Amino acid sequence: MQPFLIKMIPRLCVLALALSSAGPLGAAELPVELRYPMQTDSVILTGLEGSSLVFRPKGADFGGRAYLDFSTLEKERVMLNFLLSDKFYEGLKKLKNGQPLQALPLIEPEARPMLNYIELSHLPGNYVSTVQAYFEALRGTGNWKRLTTLIAALPMREVPPPLLDEIGQTTLSLHRAQAATDLEKIHRTLLAMDSAGPAQLEVLLSLGDSWREVGEYQKAFDLYHKVSMEKSAHQVVANLWAAYCGFYLEDSKSLQSILQDLPKIQINEAYFSLRELIDARWKLRQAEYPPAMLAAARGKTYAAVTDPWYPELLHTLALLYEKMEMPDAATLAHQEVSIMFPASQWASKSLEIIHHQNNKTP
Amino acid sequence: MMVKGQLLRFRCAAVLGVLILCFLAPTRTLRAEAQVENFPDLTLQDLAAQVDIRYGPQPAEAIPYMVEIKTRLTNAMSEEYRGIYRENLYRLGLAHMRWFEQSGEKETLLEGVPYWEEFIAEFLSDKRHPLAVMNRADSLFAGEQWDAAMEGYLYTTKVYHAQIKENDLLGLLQRMVHAARESGRIGEANEPLWKFLQGSYSYPVRLFSLNSLFDQSLEADNITELLQLVTAINADRDFRYDIGVNLRLLHTGDKFEDEERYLEAGLLFSMVLPVEQLLKVVEDRLIELEEWAFRNRSSGDASKAQLTELVTLREQRLELVAAPKYTANLRWRQARVLELMERKYEAYFGFQRLVNNYPQHRHIEQFRYAAFTQGIECGNLSEAIEHGEYYLAEPSYLLFEKPVAMRLASLYARFEAVDKLSVLADDFLHRFPFEPVAAQMSHYLGQALLKKGMVERIIEDFPLWVAEYPDGAFIDSASYWIGMAYLFSGDFESALGAFNTLLANYPGSVYFKEASFRRGVAHFGLGQYAEAREVFESWLSDSSGHPLVPEAHVFLGDLDAMDARVESALMNYRQVEIHGGALALIEHAYFESAALLLANKRHAEHDAMLEEFLNKYPKSASCAEAILRMAEAALDQGLVLEAFARFRSGIERFGNDSKSDDVDVVIDSWWEQDSTIRAGAAETAAFIKAFLGEESFRARMLYDRIAQIHHFQQHGAIDPGIKELLTVRHPLYAELAACTDAAVAATGGRSLSLEDYPELGELLAGSQARLAKLPPEKPAQVFRAMYVAALEAGQETLALRLLRVLNQRDGEAVEAKQFTTDWVESASPASKVWIARLIAEDDADRAITILVQLITEVPDSAAAAEGLFLLGELESQRNNHEAAQAYHNRVLEEHFTSIYARQSAILRGDALRQSERLQDAVEAYALVLNQREWRGEVWAEATFKMGDCFAQMEDLAKAQGFYERTYLAFSAYPDWSGRAVLASADLLEALGESNSAQRTYQYFLDLPTSKDSPYYDAIRRKRLTP
């Protein structure tokens, strides 16, 4: 015991040393490796206390503990690697080969205890990739209940962006698997996260995008709304997308209040065209065709053809040309959207209209 | 040929020679010796040695030895010899290719083809089989055997596309496309090319395939395939951000635009990404990778793939930086094609973006002009005007100066911006006096000035232009508008002169017809009705289809009516509608026809005429008037019940239409008629009773004219027939006077009997009969029931109308909070004003919002006058005097005949005074004094207030003058005369002229009406205590 401590002291700025006979600190003991820029220590992680990680030397436990502060580890650019067995790596290989059923029993025993140390996920090292693999294996095997229980137990605020993204992917998988109850549980957990950081908000925003893209506007709206409530670089765009989803949720009253609060966006700023699209769709619904047309045309002019909302903008323009009794222009715009974006839902809608018109023409 | 060098990269050639030698090197039994045909002296080993010597430097010489080896081993069965045979066969093919390399003779390649074919057929499992397939195809290609080469390439791409190395694949595809072209089988190359668009192939291969397919679809004019390619480009990030692909799309779009295929052109243009966007994508990624590389500079973790990408990105960036800056031209094309596709809204913003983003572009003048014209096209008129004004203000812009000026003038005319139009027209007419469009410019200005009633400006300015450019292209136009200006200013003589001059000097003018017609109007105005009739009749005879035909029939109808030619008048009025006259003319025709019919007691036709009007024009603002006329006609005939049925029908029919407030007039008329009849019956009966029963009363009514007038004023509902009976000239007067003593005591005297005075009996019976014919319920009951029914039926507009009248006339309680936004929205204009008045005390802001909306939506309605008036009052209360005076000014300008006009005139002056615009206030009050029909108290008020204004301006002499004028001229209005006396005396006192002040007080106190003044006591005190 003593030599280990003596060996560690010179390398650590702040090392709280205690000789204690106390037992485990509530979490499983895990062998880890602390990689300093110039040296590596192999120790046993016994738990967390406040802002410190608690270690003991390898071998028999004589009660001696070393306390290392998080901030110290970060300052010293220490990499924390959990020492995993060959079985784990074998499991990883199987997972990559598309054999999640075989992979799960090999990965789970080593990865699961690590979930007790979610706070450590922010340190560089193999924590995130290990847990990611575990989640992936659970997803691959359709172990929704276990996965949901695990995720729901995580302190979301501590979950790092890559894992948060993994959780987001899990919700999408649950949606595909039609596991509505589990999905709802995780979704609520995500929404309940308080004081999300910028990177976490970015992940939530991206998850909102995914929900929007599959037409789950309520879930998308929830996430956008959450992101829009926090001050961040994503606030404006989240607000815009919330309004967009609100439009499709047909909740006119809340949409109206969102629209009123929407920020003004200058013509050459990002998302200007999305803002115009939302305006145009809203006015189209209110049968205010000329102002809707102005918004849509302005939006399209300043949109890039690569913007995800471009097909809808084009389709909206086509609808407005129809409403304003300019059938030739409407047909051309419908054709444009159906040719340029044949895989989009807007192309299908446009084609349907063209088809309907052709059938009407004697 | 470009591909020749490529095909001569012989696959695996270097190792093959060694292989054969290895096979032949061991000392084995050569069982094939018996098959010797050539080189009989040489063993197989010798042959191989000869091949080895010659194969490198002189492949042509090696070939006979190799052929001999092949011959000797042709039927060899052992695996070993079979292996040698295979290697030799492969080398034979290669040797021919090497020979071609040296000789350049394509026949050498073709001679090698059979060896390739044999190898391909016999050794399917050989790992060089793909190479053999390619070499055969390449040999055929270089031998210009296009068909066979094509077959070879198709086979290769079908079977071995995955095995061929990337570099070889690109060359192969290039040669395949060439062979396809040469063999006329380009279409067959498409299938493999589409396959090579997939992301699993290298980018050069995919790009080549894309370009080849693009070429092919353009050449074949296969638009379906081209659009599929567009889709493929759109779906592929590499293609989307490739500068070459984008330029290609741009140029192809140009081609389509030239061919007037706008959909295709538009699609391609919209696909092109601006070079800045391409650069941004590359630079963003580059920055990301550079940062990554910097962070990992010491760790050695950098992956090869990322480093390669970094290098590629750097190259791409340089390429993009050096690429032509096509973005502005792209935007120009996009907007232009959208315009050609009549997608005008998109086109407009496209042009506007060009104006904003590329102000220094060499085509900026076109951009500006296009933005201007498209702005007009899509109704963005205010922005269009800005573009037009900018264009004309820029001296270097000349290309479209005339069309811009003309269209801008039309916009100014439309918005009645006459000042701007005047400046523009003046400038234009001086720059281009002889251009045909100058006439149009003059027309716009003349029309706009006339519409605004600014005829003086036409009369002043237009003759100056005519004098300056007597040969100008606009002279006929100017002359016409001069004539019109005279016509509308009432100078019919000058108008006639102007039109006659125009007709004499410009018989070919576009104004000829109009001027001819206006001559008739001028004659009409001069009272020369015969001449007017002659002009109109003559004009109509050769003006079929002219827009003024309906108006000509109106004039002829009026002329007929004046001459009592009833049938002819009716016929002419009927023509107004037949020839599609404006609604105002049609209304005139209907109502004049109805008036004629009524005057001739043709009641049924009168009613039918107005019923027809109601049925045809139920949205007309004159519907209520039609109903009122029918009701009044019914009342005239004593058909009281029918009159009220008309009222009811009108209310039920039009009551829920919120756009018109005429129904409110009908509702009020109902109430007023009902009240009048009831009051008439009661007051007439009371009068007759007192008149016959009380001699003293009778004496006052017969002998005291002032008392009589006073009584009738106080009892306005008394049957007017009674007043006529009491005139001195009436025979009844003498009869009554004989029984009435002028000096009778206040009470008592003789009573008279009604039976002795049948005239009075008839009047009494008449009023009672009218009373009897009234609907049994009083208006309040009727309207309350209708209100409940309207609410139940969801007829909110009607319900509000009825609630208004019940509140205003019967004291029905209402609360401001019951007027929800939705309810107010559905209210008629008159109801809205009433609501605004009700809620103004608690919520002035909301009241103002309602009123502003009202005057914006229905500025011409009768309710708008009250709305403007109320707005003026509310703004005054909020001390917004400028806004208040502006609203009152609108009452005067837009609703001068309304009952609010005179009060607004005073309040406008008050508001201007509050704003300390005293001179303007004086002018505002002077307006009141200029209206003779407003004579009365309002004149007194205006005069006094003008005095106040001058006093404030310290022009005391003028102030004194107006005060004196007030109390001298308007002593009948003791309120104002009292004030004026006090103000005047104050001024005199200030000047030390106390005696004059005292005389002024005394003057007032001596007036018979002075005691009615609220200032009487104050003035008396001043008089008593000098």
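The table below gives the values:
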read-out: Chain B: angle of helix B:59-73 to the longest principal axis, Cα-based, in degrees nearest 10; value: 70 degrees
read-out: Estimated vicinal HN-Hα couplings, Hz - segment A:213-220 in sequence order (Karplus 6.51, -1.76, 1.60; Gly, Pro = x); value: 5, 8, x, 8, 5, 5, 5, 4
read-out: Angle in degrees between helix B:901-914 and the longest Cα principal axis of chain B, rounded to the nearest 10; value: 70 degrees
read-out: Likely footprinting exposure, B:M406, A:M293, fewest C-beta neighbours within 10 Å first; value: B:M406, A:M293
read-out: Stretch gain in nm, segment B:E534-B:T849, where the contour uses 0.36 nm per residue and the Cα spacing is subtracted; value: 108.0 nm
read-out: Mean separation of Cα contacts under 8 Å (6+ apart) over length of segment A:98-243, as relative contact order %; value: 17 percent
read-out: Whether segment B:894-972 is rounded, prolate or oblate, judged on the alpha carbon gyration tensor where a/c under 1.5 counts as rounded; value: oblate
read-out: Where a label projected 7 Å from the Cα of B:N38 along Cα→Cβ would reach, residues of segment B:66-81 with amide N under 19 Å; value: B:66-76
read-out: Cα convex hull of segment B:835-962, projected area averaged across orientations, nm²; value: 7.6 nm²
read-out: Inter-chain Cβ neighbour average for residues A:327-333, partner chain, 10 Å; value: 4
read-out: Derived scalar couplings ³J(HN,Hα) [segment A:287-292; Karplus, 6.51 cos²θ - 1.76 cosθ + 1.60; whole Hz; x for Gly, Pro]; value: 6, 9, 5, x, x, 4
read-out: Where only alpha carbons of chain B are counted, the Rg and the Dmax (Å); value: 51.6, 181
read-out: Viscosity 1.306 mPa s, 10 °C: Kirkwood-radius Stokes-Einstein D of segment B:366-494 over Cα pairs, µm²/s; value: 106 µm²/s
read-out: Residues B:R331, A:R275 arranged by fewest to most Cβ contacts within 10 Å; value: B:R331, A:R275
read-out: Positive-pole candidate from A:W211, A:S173, A:L262, dipole of chain A, charges at beta carbon; value: A:S173
read-out: Radius of gyration and maximum dimension Dmax of chain A, Cα, Å; value: 26.9, 97
read-out: Charge tally in the Cβ shell below 14 Å around B:S568, where Lys, Arg are +1 and Asp, Glu are -1, B:S568 excluded; value: -3
read-out: Dipole magnitude of segment B:683-824 about its Cα centre (Cβ charges: Lys, Arg +1; Asp, Glu -1), debye to nearest 20; value: 240 debye
read-out: Charge dipole (the protein assembly as shown, unit charges on Cβ, about Cα centre) - positive-most of B:A634, A:P311, B:T157; value: B:T157
read-out: Angle between chain B longest axis and helix B:881-894 axis [Cα atoms, degrees, rounded to 10]; value: 80 degrees
read-out: Inter-site label distance for B:K165 and B:S396 at 7 Å from Cα along Cβ, in nm; value: 5.8 nm
read-out: Debye, to nearest 20: dipole size of chain A, +1 on Lys, Arg Cβ, -1 on Asp, Glu Cβ; value: 460 debye
read-out: In sequence order, calculated HN-Hα J values of segment B:798-810 (Karplus, 6.51, -1.76, 1.60; Hz; x Gly/Pro); value: 5, 4, 5, 4, 5, 5, 4, 5, 5, 5, 6, 10, 10
read-out: Full-stretch length increase - B:A769, B:D238 - with 0.36 nm per residue and alpha-carbon distance subtracted; value: 181.5 nm
read-out: Tensor-based shape of the protein assembly as shown (alpha-carbon gyration tensor, a/c under 1.5 rounded, otherwise prolate or oblate); value: prolate
read-out: Residue-averaged 222 nm ellipticity for chain B, from DSSP H runs of 4+ at -39500 (n - 2.57), nearest 500; value: -24000 deg cm²/dmol
read-out: Ordering of B:585-595, B:636-646 by packing [mean C-beta count within 10 Å, highest first]; value: B:585-595, B:636-646
read-out: Distance (nanometres) between label positions extended 7 Å along Cα→Cβ at A:D194 and B:E923; value: 6.8 nm
read-out: Cβ-defined net charge surrounding B:Y203, 12 Å radius [Lys, Arg +1; Asp, Glu -1]; value: -3
read-out: Ranked list, fewest to most other Cβ atoms within 10 Å of each Cβ, for A:L30, A:L120; value: A:L30, A:L120
read-out: Computed over chain A: relative contact order in percent, which uses C-alpha pairs under 8 Å that are six or more apart; value: 7 percent
read-out: Over chain B, relative contact order from alpha-carbon pairs under 8 Å, at least 6 apart, %; value: 3 percent
read-out: Amide hydrogen neighbours beyond the local backbone of A:G125, cut-off 5 Å, H modeled; value: A:L80
read-out: 10 Å Cβ neighbours from other chains, averaged over peptide A:335-342; value: 5
read-out: Size of electric dipole in the protein assembly as shown: Cβ of Lys, Arg +1 and of Asp, Glu -1, about Cα centre, debye, nearest 20; value: 4220 debye
read-out: Peptide B:336-345, shielding by other chains (average Cβ, 10 Å cutoff); value: 5
read-out: Tensor-based shape of segment A:262-362 (alpha-carbon gyration tensor, a/c under 1.5 rounded, otherwise prolate or oblate); value: oblate
read-out: Simple label model, 7 Å out from Cα along Cβ direction - B:D741 to A:M38, nm; value: 14.5 nm
read-out: Peptide ranges B:992-998, B:357-363, B:139-145 listed from the most packed, as the mean C-beta count within 10 angstrom indicates; value: B:139-145, B:992-998, B:357-363
read-out: Amide hydrogen neighbours beyond the local backbone of A:V159, cut-off 5 Å, H modeled; value: none
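Any read-out appearing in this document is the output of simple, stated calculations on the displayed coordinates, not a laboratory observation. Treat the numbers as computed from the prediction; the structure is a model and nothing was measured. Every residue, glycine as well, gets a Cβ built from its backbone with ideal geometry; the counts of neighbours run over all protein chains shown.
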